[in-house]
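Following: one structure in structure tokens, then a few remarks.
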Amino acid sequence: MKIAINGAGVAGPALAYWLLHYGHEPVLIERAPALRTGGYVIDFWGAGYDIAERMGILPRLLDLGYQVEEVRFVDANCRRSGGFSTDVFSRMTGGRFTSLQRSDLASTIYAAIEGKVETLFGDGIVSIEEEAGGVHVGFGHAAPRDFDLVIGADGLHSRVRSLTFGEEAGFERFLGYNVAAFELTGYRPRDELVYVSHALAGRQVSRFSKRGGRTLFMFCYREKEPAPAPEDDAGRREALRREFAGMKWEVPAILEAMDGVENIYFDRVSQIEMPRWTKGRVALIGDAAACVSLLAGEGCGLAMTEAYVLAGEIGHAGSDHATAFSRYEERMRPFLADKQAAARKFASSFVPETDFGIAFRNWMMRLMVIPPVANFLVGELNDTIDLPDYEAA
Ligand SMILES: Cc1cc2nc3c(=O)[nH]c(=O)nc-3n(C[C@H](O)[C@H](O)[C@H](O)COP(=O)(O)OP(=O)(O)OC[C@H]3O[C@@H](n4cnc5c(N)ncnc54)[C@H](O)[C@@H]3O)c2cc1C
């Protein structure tokens, strides 16, 4: 089948990889003019890690990864006020855990299909008309084309979702935070392999030293009502200056160094909840279908898992896409619902609302040196999903 996939982030190229494997013809459509580089760092483990291994890309991901050693909370005077050794993640996953730039994960997956899958960069699906036996798809720039199936892998603010299922507001569950991230070159101080965070009631700034003299900064703050992100970098800088004014530690220096920074990531922290992920010949995967949010620490791995299962079901069902879609939903929905619920449970302690809450969280984190307490606080890290072996099926 000829299958249009809107979005070449993590889910889209992973799906293209597996569809190609089963003899289908995927076409990727990506809004950005090229694959992104740099950006925020993700934790990578669980079912997604297993799938990366099946794709043969795990050694490359481990080369690109950072084996983070410590999460450290600091006070206004740069003194350690809490934190924990990340040994706990390694112990709980049998060493199958790494952290890497999301863009490095996305480009490694893409490298596995480059030259084998047509990609339209700088474009996007703008209309979807289902007809007998196929779908007529319109693009922002390219001429319209016909496909057998259309897949939305276009993230939290999916266009395929709004075109097929309705407005985003009907499916978005806002978790009460905004998040922003950007990177700087040459920032000092550096702490190699340590994730350093400073928080005040409802606000947290973190930094992580990357290779090449770069430092990633992540800002997270509480917000009562969901609002659109400022449209451009100037607006984003202004919002961060307003929200983080008066904070101490390194925050004044970071806000000053932010001048002139481009491509600031800025978004609401939200989940997507939908009664169905498929309709006719259209299906959604990754954040477009069931965004778990950064609070799950596993959105990329889950996006890869959904891609693996959807492609496997399509590969298995031949041209019977309706059966493939319903098996995909059956297998994945309970697993994703559990992941979303766990992330929501963690939301209140991610950046506590009061200074007392922050002090309490930092103190609790000190107990992570006791393995059973650490296991309890981190929760279950081993994914329970039984990944089907579609080759054997
Ligand atoms: C700050 C932060 C920290 C995170 N930490 C972690 C973590 O530790 N571990 C983890 O696993 N996950 C983490 N996540 C979540 C993770 O990044 C996402 O779950 C994952 O990227 C989802 O993959 P995706 O392919 O579905 O969507 P995306 O990665 O968002 O990719 C969507 C793609 O679609 C493209 N696109 C969007 N709209 C259109 C359009 N209209 N037309 C064409 N193309 C379009 C975009 O340009 C993009 O390339 C974090 C997220 C954030 C924001």
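No lab work stands behind these numbers, since they all come straight from the coordinates. Computed from a prediction, not measured in an experiment: that's the story for all the values here. So basically every Cβ, Gly included, is an ideal-geometry build from the backbone, and we count neighbours across all protein chains shown.
Quick rundown of the values:
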item: Degrees between helix 355-366 axis and first principal axis of the chain (Cα, 0 to 90, nearest 10); result: 80
item: Among G48, G280, G12: highest mean-square fluctuation, GNM of the chain, C-alpha pairs under 10 Å; result: G280
item: Proximal charge balance of I57 [Cβ under 15 Å; K/R count +1, D/E count -1]; result: 0
item: Extended-chain gain in nm, criterion 0.36 nm per residue less alpha-carbon gap, E262 and A245; result: 4.1 nm
item: Sequence-separation-based contact order of the range 143-290, relative, with Cα cut under 8 Å and 6+ spacing, percent; result: 36
item: Gyration tensor (Cα) of the range 167-225, equivalent ellipsoid semi-axes in angstrom; result: 29, 14, 8
item: 12 Å Cα-Cα reach of K248 towards aspartates and glutamates, excluding residues that sit fewer than 8 places from it in its own chain; result: D75
item: Normalised contact order of the range 112-201, rounded percent, pairs of Cα under 8 Å and 6 or more residues apart; result: 15
item: Integer Hz, Karplus 6.51/-1.76/1.60 couplings in order for the range 267-279, x for Gly and Pro; result: 7, 6, 9, 9, 10, 10, 10, 10, x, 9, 9, 9, 8
item: In order through the range 208-219: 3J(HN,Hα) via Karplus (6.51 cos²θ - 1.76 cosθ + 1.60), integer Hz, x for Gly, Pro; result: 9, 7, 9, 5, x, x, 9, 10, 8, 10, 10, 10
item: Trypsin sites (Lys or Arg not before Pro) restricted to the range 142-215 and DSSP loop, no more than 11 other C-beta within 10 Å; result: R211
item: Exposed GluC sites (Glu not before Pro) absent: longest stretch of the chain, with sites in DSSP loops and at most 13 other Cβ within 10 Å deemed exposed; result: 1-113
item: Förster radius 41 Å - calculated FRET efficiency between A234 and L367, Cβ distance, rounded to 0.05; result: 0.45
item: Potential lengthening between S127 and A322 on full extension [0.36 nm per residue; Cα-Cα distance subtracted]; result: 68.1 nm
item: Partner aspartates and glutamates for K210 [C-alpha distance under 12 Å; skip if fewer than 8 residues away on the same chain]; result: E183, D191, E192
item: Helix-only mean residue ellipticity at 222 nm for the chain, each DSSP H run of n ≥ 4 adding -39500 (n - 2.57), per residue, nearest 500; result: -11000 deg cm²/dmol
item: Extension reserve of the K116-D87 stretch, reckoned as 0.36 nm per residue once the Cα distance is removed; result: 6.5 nm
item: Whole-Hz couplings from phi, Karplus 6.51/-1.76/1.60, listed for the range 285-302; x for Gly and Pro; result: 9, x, 4, 4, 8, 8, 3, 8, 5, 5, 5, 7, x, 8, x, 5, x, 5
item: Length-normalised contact order for the chain - Cα pairs under 8 Å, 6+ apart - percent; result: 22
item: Cα gyration tensor shape of the chain, rounded if a/c is under 1.5, else prolate or oblate by comparing a/b with b/c; result: prolate
item: Nitroxide proxy distance, nm - points 7 Å out along Cα→Cβ at L184 and A34; result: 2.6
item: At most 15 other Cβ within 10 Å, DSSP loop - trypsin sites (Lys or Arg not before Pro), the range 65-112; result: R79
